[in-house]
Protein chains: 2
Amino acid sequence: MEIKPNQPIVPIAIHPTIFVIFGITGDLANRKLLPALLSLYVKKLLPPRFAIVGFSRRSFSREEFRELVRSKMNIQRGQFNEEDIKHFLDHVSYEQGFFNSAVAYSRLAEKLKSIDDNWGQCSNKLFHLSVPPNLYEGILNDLAKSGLTLSCDDRSGWTRILIEKPFGNDIHTAKSLDKLLGRLFKEEQIFRIDHYLAKEALQNILAFRFDNPLFESLWNNKHIDKVHIKLYEKIGVDGRGSFYDPIGALKDVGQNHMLQMLALVAMNQPKSLKANDIRKERLMILKSLKKIAPKQILTNVARGQYSGYLTEAGVAPTSNTETYFRIKTYIENPKWKGVPFYLENGKAFDESKTEIDIYFKVGKGHSLMNKKVNGEIALEGQNILTFRIQPDEGIKIKFFVKTPGQGFDIEPKTLKFKYSDVSSFSVVKNDYERLIQDAFTGDQTLFASTGEIMASWEFVTPILENLNKLPLIIYEKGAKEVV
Amino acid sequence: MEIKPNQPIVPIAIHPTIFVIFGITGDLANRKLLPALLSLYVKKLLPPRFAIVGFSRRSFSREEFRELVRSKMNIQRGQFNEEDIKHFLDHVSYEQGFFNSAVAYSRLAEKLKSIDDNWGQCSNKLFHLSVPPNLYEGILNDLAKSGLTLSCDDRSGWTRILIEKPFGNDIHTAKSLDKLLGRLFKEEQIFRIDHYLAKEALQNILAFRFDNPLFESLWNNKHIDKVHIKLYEKIGVDGRGSFYDPIGALKDVGQNHMLQMLALVAMNQPKSLKANDIRKERLMILKSLKKIAPKQILTNVARGQYSGYLTEAGVAPTSNTETYFRIKTYIENPKWKGVPFYLENGKAFDESKTEIDIYFKVGKGHSLMNKKVNGEIALEGQNILTFRIQPDEGIKIKFFVKTPGQGFDIEPKTLKFKYSDVSSFSVVKNDYERLIQDAFTGDQTLFASTGEIMASWEFVTPILENLNKLPLIIYEKGAKEVV
């Protein structure tokens, strides 16, 4: 008998809400934020009364702004219909202003108040900073001065802030950003977006682990040999050279996406499915990461740069920025003692794929093959469980079957599951849709906590500080591996 | 990196050999034996010098016999070509004789001697008893009297006997048959055919278990909740009523195929891949089976008969013969203490399938779902590993994934592997081909040992003796389940 899956309950925000986008004319707002908001609107998942207020330095007439937003909405042909876009745009307005102008913030405050007055209610306010991180501090300070970080009415309307990675540039700048955020907002008001956390395939790691005792029984250093987290990208910097070059691979995806994957794979079962309990367990892992000391950097870390990177637009011609890294680390708790975790990211690889490979130990005296061949080949006899995060989300297990015919020779084969086989997979929201809805309803499960951000930086900063001790390996575009 | 599978080594018999078939005109010889021999001949897996001598009571001219055999060879159109059949038939000859006639055995002995004389060598002799089991004793005794069970030359030519199930009718008759066999042959000369053991999917249970520590680590009562071995047949007795009715389901498949499956699933890792070591471990399990006492029969065993069985040709009109049984038993060793093993066989079911389901325990405090729903539903949250023996040989694992979308609801899905995906699967020999070749080369791995036969009967006999205490459940043809 099959289990009838519970109908997932979709919480819907109903209190009137204003979504303020700083930098609404920018790339992120256009590619991710506005389409996600429109999609939620079409699915009737936004409050009946909602407004989007764009804030940016460019000057537009009302019509010009509508046209600008409209033109960005149908990048994927046929994704939305014109009628829906038209109605959606009735909720969108624009306030021109420079991010460092006190007067502009006053005008913004007035605008929000006039919307509230019109609704006859103190609404919720969500501020999204779609701006370069170096502007965060100025905007946050000006927001505070204008009184906008405070709710107009503590009982009915809340204020929340949505910010995007990178959250700081190292542990020091991250701490100072966090100090500022902490002065202006409580933890439950701060939503730090690591869009990887919203991926179904990542969330499924928890369901897979904690709903399948068959596998969770094996989830420790007695049975697991090593864990390899790979994030390979086929593209290079792809026009984003001026953004990427000052940052590099480790800060771009290592400090956030990859450490979050590691946390999900290694965390203990949370006490409940509440955001706080899940975030607490993720944090425990990030805090337990073994720091890599300066003298260990040569053996535990490698960095590389693809050939041709220096001629990309926006890249300094003598840049040492890494487009590849590989880190070997450990989790210092009894469950994972002695199990190496590898984090590996590379741009300009032969294919784009994100995978987590769990290598199981070769049992002593277990494998029949072990007895027939030498130790070297036996190592290849490892069972590997792979979480495929993207593309083609799924799970596979490398195992061994008997080669048909006489004798007991074996060969590797695969047990497979494709996540797209789940019937309701096609209706999955994209990462941003999911995250924005969660910000509306106040669910912080898929957002990184202050503690997690700090723990990640604590781990990454000593590596960053010693990265220049490592040779920069130049690898060809289309590489399959670097080290 | 993938392992390059070792090329299986195919041992080939080279010493001249005579294959004697008692009852060569019967169903088994025609459907299984002769096509398997022809196929081995075509693949050049028989010794360069070989002869097949048929022995039966019917009288044929040499041409009539050739024509009879030829006509049976192309049941599957295009399986063999006429040229191959013609050359194969040059190796086949016939000796008419009644099975209880001493003179006939002398003539047979002379015939074999004349072949040896012709070859100028003492050849190997293989005797296959393709006759009803009630004739075994007479034939074996007469064989012994004629001196045919002894080799003409101990150094160069061996003698082997191939017999078919049922090996006796209960523990008592099995013991007396065995005593007789033991007087005439050594254990290494006796080849008891349980063709299930030759199935690739069954042999693969060992490779799967002992070459995949991922799974073997879980192979005990700490992680396994129960084991269910199912052998469902779509057909009823299908014209074999007169054979089946005196025997019944338990003796037809329970005492042999199903207990062998149980032994393979539960056995410890053998010391080596040698036949003796594997047979020893299978035997250990069969010996450890908990006997079902008379007063436990009502709770641990069920029997049934399909509606319409009594009108089948060859079936006694008041027959109580079971066409269905279900047994719950245990293995009395520390590894399997407390884990029920279910054996279930039924004829006239809705589909033909043989499967072994391994149910894993639901972890305490593991399943996230457990916390959300009541205990009853949690039981359905079991992981199940299924060995599919036939048809569509393969392995699958029922596991749970997150239902896409908000929340952490889960739903059951399947990790799958089809054995036909193994490239060389298409060249697998059929059961009889494999077994005959192993008899030629002397590999007893896939044959049941005396000990195994006795242990099986020790387990089955007390059930047989108390079967009539059970209500005979009448079930409809096409049933999905009976109890």
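The values are calculated or read from the model by the stated rules, or taken from the named source; none is laboratory data. A quick note: this is a predicted structure, and the numbers were derived from the prediction, not measured. Neighbour counts are summed over all protein chains in view; Cβ atoms, including those assigned to glycine, are modelled from backbone coordinates with ideal geometry.
In segment A:16-33, the residues that are surrounded by fewer than 21 Cβ atoms within 10 Å (Cβ to Cβ) reach residues that are of a type in the set (Gly, Ala, Ser) and assigned to a strand (DSSP E or B) with C-beta atoms within less than 6 angstrom, at least six apart or across chains, in these pairs: A:Thr25/A:Ser56. Number of residues in segment B:323-335 that are in contact with a helix residue (DSSP H, G or I) (Cβ under 7 Å, 6 or more places away or on another chain), over 30 Å from B:Gly308 (Cα atoms) and surrounded by fewer than 20 Cβ atoms within 10 Å (Cβ to Cβ): the value is 2.
Inside segment A:219-247, residues that are in contact with an Asp or Glu (Cβ under 8 Å, 6 or more places away or on another chain) and part of a strand (DSSP E or B) make up a count of 6. Selection of segment A:214-238 for residues being touching a helix residue (DSSP H, G or I) at 6+ places or on another chain (Cβ under 6 Å) and either at pLDDT below 95 or acidic (Asp, Glu) (or both) yields A:Glu216, A:Val237. Scanning segment A:232-254 for residues that are surrounded by 18 or more Cβ atoms within 10 Å (Cβ to Cβ) and over 26 Å from A:Ile356 (Cβ atoms) yields a total of 2.
Quick check: is even one residue across segment B:379-397 at pLDDT below 75 and either of a type outside the set (A, V, I, L, M, F, W, C) or assigned to a helix (DSSP H, G or I) (or both)?
Applying the first criterion (at pLDDT below 75) to segment B:379-397 yields B:379-380.
This time we only want the ones that are either of a type outside the set (A, V, I, L, M, F, W, C) or assigned to a helix (DSSP H, G or I) (or both), so: B:379-380.
Yes - at least one qualifying residue is present in segment B:379-397.
Within segment B:256-266, is there a residue that is within 14 Å of chain A (Cβ to nearest Cβ) and either closer than 21 Å to B:Leu197 by Cα or touching a His at 6+ places or on another chain (Cβ under 6 Å) (or both)? Within segment B:256-266, one or more residues are within 14 Å of chain A (Cβ to nearest Cβ) and either closer than 21 Å to B:Leu197 by Cα or touching a His at 6+ places or on another chain (Cβ under 6 Å) (or both).
For B:Leu197, are the conditions met, namely being within 14 Å of chain A (Cβ to nearest Cβ) and aliphatic (A, V, I, L, M)?
Working: within 14 Å of chain A (Cβ to nearest Cβ): yes; aliphatic (A, V, I, L, M): yes.
Yes, satisfied.
Checked against the criterion of being within 14 Å of chain B (Cβ to nearest Cβ) and either surrounded by 22 or more Cβ atoms within 10 Å (Cβ to Cβ) or modelled with pLDDT of 90 or more (or both), the candidates A:Leu162, A:Leu180, A:Leu202 yield just one match: A:Leu202. Look at A:Gly363 and say whether it is more than 9 Å from every other protein chain (Cβ to nearest Cβ) and modelled with pLDDT under 80. It is false that A:Gly363 is more than 9 Å from every other protein chain (Cβ to nearest Cβ) and modelled with pLDDT under 80.
Any residue in segment B:320-333 that is at pLDDT 95 or above and either within 13 Å of chain A (Cβ to nearest Cβ) or within 20 Å of B:Glu216 (Cβ to Cβ) (or both)? Outline the logic, then answer.
First, the residues of segment B:320-333 that are at pLDDT 95 or above: B:320-333.
Retained after the next criterion (residues that are either within 13 Å of chain A (Cβ to nearest Cβ) or within 20 Å of B:Glu216 (Cβ to Cβ) (or both)): B:331, B:333.
Yes, there is a match, as at least one residue in segment B:320-333 is at pLDDT 95 or above and either within 13 Å of chain A (Cβ to nearest Cβ) or within 20 Å of B:Glu216 (Cβ to Cβ) (or both).
Determine whether A:Asn212 is more than 19 Å from the chain's Cα centre (by Cα) and touching a residue at least 40 places away in the same chain (Cβ under 8 Å). No; evaluated as a whole, the condition is false for this residue.
So which residues in segment A:2-34 are at pLDDT below 90 and assigned to a helix (DSSP H, G or I), if there are any at all? Outline the logic, then answer.
First, pick out the residues of segment A:2-34 that are at pLDDT below 90: A:2-14, A:25-32.
Within segment A:2-34, A:Asp27, A:Leu28, A:Ala29, A:Asn30, A:Arg31, A:Lys32 meet the criteria.
For A:Ile171, the requirement of being touching a residue at least 60 places away in the same chain (Cβ under 8 Å), within 24 Å of A:Leu33 (Cα to Cα) and aliphatic (A, V, I, L, M) is not met.
Of the residues that make up segment B:122-143, is at least one surrounded by fewer than 19 Cβ atoms within 10 Å (Cβ to Cβ), more than 30 Å from the chain's Cα centre (by Cα) and assigned to a helix (DSSP H, G or I)? Within segment B:122-143, none of the residues are surrounded by fewer than 19 Cβ atoms within 10 Å (Cβ to Cβ), more than 30 Å from the chain's Cα centre (by Cα) and assigned to a helix (DSSP H, G or I). Identify, please: which residue in segment B:261-279 is at pLDDT below 95 and part of a helix (DSSP H, G or I) and is, among those, surrounded by the most Cβ atoms within 10 Å (Cβ to Cβ)? Looking at residues that are at pLDDT below 95 and part of a helix (DSSP H, G or I), I get B:Ile278.
Going residue by residue through segment A:472-483, is there one that turns out to be in contact with a helix residue (DSSP H, G or I) (Cβ under 7 Å, 6 or more places away or on another chain) and either assigned to a helix (DSSP H, G or I) or more than 30 Å from A:Ala275 (Cβ to Cβ) (or both)? For segment A:472-483, residues in contact with a helix residue (DSSP H, G or I) (Cβ under 7 Å, 6 or more places away or on another chain) and either assigned to a helix (DSSP H, G or I) or more than 30 Å from A:Ala275 (Cβ to Cβ) (or both): absent. Hey, among the residues in segment B:207-218 that are assigned to a helix (DSSP H, G or I) and at the interface with chain A (Cβ under 7 Å from one of its Cβ atoms), which one's surrounded by the most Cβ atoms within 10 Å (Cβ to Cβ)? If we take residues in segment B:207-218 being assigned to a helix (DSSP H, G or I) and at the interface with chain A (Cβ under 7 Å from one of its Cβ atoms), then B:Phe210 is surrounded by the most Cβ atoms within 10 Å (Cβ to Cβ). Of all residues in segment A:219-278, exactly one satisfies the criterion of being over 26 Å from A:Lys335 (Cα atoms) and among the polar types (S, T, N, Q), namely A:Ser242. Looking only at segment B:418-461, filter to residues that are of a type in the set (D, E, K, R) and in a helix (DSSP H, G or I); which one of those is modelled with the lowest pLDDT? Out of the qualifying residues, it is B:Asp421.
Report yes if B:Gln96 is over 25 Å from B:Ala36 (Cα atoms), among the polar types (S, T, N, Q) and at pLDDT below 95, otherwise no. Write out each step before concluding.
Details: over 25 Å from B:Ala36 (Cα atoms): no; among the polar types (S, T, N, Q): yes; at pLDDT below 95: yes.
Judged against the criteria, B:Gln96 is not a match.
One residue alone among B:Ser151, B:Ser71 is free of Cβ contacts under 8 Å to residues at least 60 places away in the same chain, small (Gly, Ala, Ser) and not in a loop (DSSP other than H, G, I, E, B), and that residue is B:Ser71.
A:Gly241 - would you say it is touching a strand residue (DSSP E or B) at 6+ places or on another chain (Cβ under 8 Å) and away from chain B (no Cβ under 14 Å)? Working first, answer last.
Working: touching a strand residue (DSSP E or B) at 6+ places or on another chain (Cβ under 8 Å): no; away from chain B (no Cβ under 14 Å): yes.
When the stated conditions are applied, A:Gly241 does not pass them.
Evaluating B:Pro404 against the criteria (1) surrounded by fewer than 20 Cβ atoms within 10 Å (Cβ to Cβ); (2) part of a loop (DSSP other than H, G, I, E, B); (3) facing chain A (nearest Cβ under 10 Å) leaves one unmet condition, (1). Every test in (1) within 14 Å of chain A (Cβ to nearest Cβ); (2) in a helix (DSSP H, G or I) is passed by B:Leu250 save one, and that test is (1).
Among the strands (runs of 3 or more DSSP E) confined to segment A:286-366, the ones with at least 1 residues that are under 25 Å from B:Phe215 (Cα atoms) and of a type in the set (Ser, Thr, Tyr) are located at A:341-346, A:353-360.
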